[in-house]
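Below is one structure, written out as structure tokens, with a few remarks after it.
The values are calculated or read from the model by the stated rules, or taken from the named source; none is laboratory data. Just so we're clear, the structure is a prediction, and the values are computed from it rather than from any experiment. Backbone-built Cβ (ideal geometry, glycine too); neighbour counts: all protein chains shown.
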Amino acid sequence: MGKGNRLTIFIFLSMIICGIIGYLIHTQSSPEFIGRFAVNIRLLTNIFLRLVQMIIAPLVFSTLVVGIAKLGDLKAVGRVGGKALLWFVTASFLSLLIGMFWVNVMEPGIGFPKTISEQAAGAQDVISKTKSFSIVEFINHLFPKSIFEALATNEILQIVIFSIFLGVAAAAIGEKAKPLIHALDIFAHIILKMVGYVMKFAPLGVFGAIAAVVALYGLKDIVFVYLKFFGSFMLGILSLWILLMFVGYIILGKRLFELIKRILNPLFIAFSTTSSEAVFPKLVQELEAFGCKNKIVSFILPLGYSFNLDGSMMYMTFASIFIAQVFDVHLDLGTQLTMLLVLMLTSKGIAGVPRASLVVVTATCAMFNIPPEGIALILPIDHFCDMFRSMTNVIGNALATTAVSKWEGELGNPVNPELNFET
């Protein structure tokens, strides 16, 4: 059994146990005891959240600097890189818009029982701050006075600005900067490994969050909201797949169906492991067998894993606004579009790590004054969502690679007409 599957089992066992305990306390205990229980049990959630917040700044800094520095190589392949970036930016933006559209239409977070953390965090102050959010405040807050201050306080956008400057400067220097970029690349992989360690505490975070909610408000409304959340998310994923298939058919014609058959195996692996990175070697093999030249695949596909996260992007806007709905934090259209642009920057480089998008959602919530403890409320359903968004990441990168190959006149006939579905 894979580590991801074990973690999922532990999360669901935790959810069942804490649901039973919370329900018994809700029905059998006095209001005073319920209140004390909710406050104390949520210490588990707070510990988990602090661990997640601990790795946000180094994760964003290292992955973004490395990604931008490597992107500097596009000068050597300008035309191909430009077409790839055009696809990546357009696909990411449309994915974010689809997530934003469905979460606003379906409003899955409306009606979710308020947790005691709302009062503890001062929800009214949070809401008033969010309503006063303006473009002037945003621009003034955008540029850091000190990168060390930004890192210490998890000011994600300020970290992004510094990382962009550092990455561009490193790319401009070239060979002399390679040792630094290599070191940051190693550092990024270490932090990504830490993400896996931190996620081992997810069952405890779920236990604290759900037990407190069920003890305070019962079970019926919570189950309904999770079903509504997953159903709304699936509408978003279905819409995104339809869009990708439509664009793919326009570019590839009937060969789109051949491509889908070729990558069925990687799609199923990504679905079961909840990691699009797990299928990278197999995807390279299948795309080359489909007729893409190695020089295109070896350039576009690695960039796609950092800059073309269609499924993850859709989910992150969906989850962030869902949490805002849960806590009655009003986000006007301008603020939501700003959040969308922030997610386009802060989500780069972590597509291959299961549940790493939760780190980005946590950082985004904190930046927009949405209580970050809401992240624990989506953990029980996150694994199922991760299955579908990982598949979407794979199909998005496969389409990007084949589309650029076609535009460059480098898409040949299949190397092996017979499809091989062996793992």
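Counting only residues that are closer than 14 Å to residue 211 by Cβ and either at pLDDT 80 or above or hydroxyl-bearing (Ser, Thr, Tyr) (or both), the range 1-17 holds 4 of them.
Check 34, 47 and return the single one that is touching a His at 6+ places or on another chain (Cβ under 8 Å) and at pLDDT 80 or above. Of 34, 47, the one residue that is touching a His at 6+ places or on another chain (Cβ under 8 Å) and at pLDDT 80 or above is 34. Residues in the range 313-324: is at least one buried (at least 24 other Cβ atoms within 10 Å of the Cβ), in a helix (DSSP H, G or I) and modelled with pLDDT under 85? Within the range 313-324, none of the residues are buried (at least 24 other Cβ atoms within 10 Å of the Cβ), in a helix (DSSP H, G or I) and modelled with pLDDT under 85. Exactly one residue out of 377, 399 is at negative phi and at pLDDT below 80, and it is 377. Only one entry in 225, 214 is more than 19 Å from the chain's Cα centre (by Cα) and buried (at least 22 other Cβ atoms within 10 Å of the Cβ), namely 214.
Just wondering, is there one or more residues in the range 360-380 that are among the small types (Gly, Ala, Ser), within 26 Å of residue 247 (Cα to Cα) and outside any loop (DSSP other than H, G, I, E, B)? Full working, then the answer.
Of the residues in the range 360-380, the ones among the small types (Gly, Ala, Ser) are 363, 366, 374, 376.
Right, trim to within 26 Å of residue 247 (Cα to Cα) and you get none.
Checked the range 360-380: no residue is among the small types (Gly, Ala, Ser), within 26 Å of residue 247 (Cα to Cα) and outside any loop (DSSP other than H, G, I, E, B).
Output the residues belonging to the range 159-190 that are without any contact (Cβ under 8 Å) to a residue 24 or more places away in the chain and among the β-branched types (Val, Ile, Thr). Passing the criteria: 161, 173, 186, 190.
Do you know which of the residues in the range 287-312 that are among the small types (Gly, Ala, Ser) and crowded, with 20+ Cβ neighbours inside 10 Å is nearest to residue 402 (Cα to Cα)?
Quick first cut of the range 287-312, residues among the small types (Gly, Ala, Ser) only: 289, 291, 298, 304, 306, 311-312.
Pick out the ones that are also crowded, with 20+ Cβ neighbours inside 10 Å and you get 304, 306, 311-312.
Working: 304: 12, 306: 17, 311: 18, 312: 21 Å.
By that ranking, first place goes to 304.
Scanning the range 325-340 for residues that are within 14 Å of the chain's Cα centre (by Cα) and either of a type in the set (A, V, I, L, M, F, W, C) or modelled with pLDDT of 90 or more (or both) turns up at least one hit. Does residue 300 satisfy the criteria of being of a type outside the set (Phe, Trp, Tyr) and either touching a Cys at 6+ places or on another chain (Cβ under 6 Å) or without any contact (Cβ under 8 Å) to a residue 12 or more places away in the chain (or both)? So residue 300 does not fit the description; no. Is there a residue in the range 291-307 that is in contact with a Phe, Trp or Tyr (Cβ under 8 Å, 6 or more places away or on another chain), at pLDDT 85 or above and not β-branched (Val, Ile, Thr)? No, there is no match, as no residue in the range 291-307 is in contact with a Phe, Trp or Tyr (Cβ under 8 Å, 6 or more places away or on another chain), at pLDDT 85 or above and not β-branched (Val, Ile, Thr).
Residue 113 meets all of the listed conditions (1) at pLDDT below 70; (2) assigned to a helix (DSSP H, G or I) but one, namely (2).
State which residue is surrounded by the fewest Cβ atoms within 10 Å (Cβ to Cβ) when the search covers only the range 228-267 and only residues that are farther than 30 Å from residue 108 by Cα and of a type in the set (Val, Ile, Thr). Applying the filter and picking the extreme gives 250.
Screening the range 121-161 for residues that are surrounded by fewer than 19 Cβ atoms within 10 Å (Cβ to Cβ) and in contact with a Pro (Cβ under 9 Å, 6 or more places away or on another chain) and picking the one that is modelled with the highest pLDDT gives 151. Of the residues in the range 214-236, at least one is at pLDDT 80 or above, in contact with a helix residue (DSSP H, G or I) (Cβ under 9 Å, 6 or more places away or on another chain) and under 22 Å from residue 43 (Cβ atoms).
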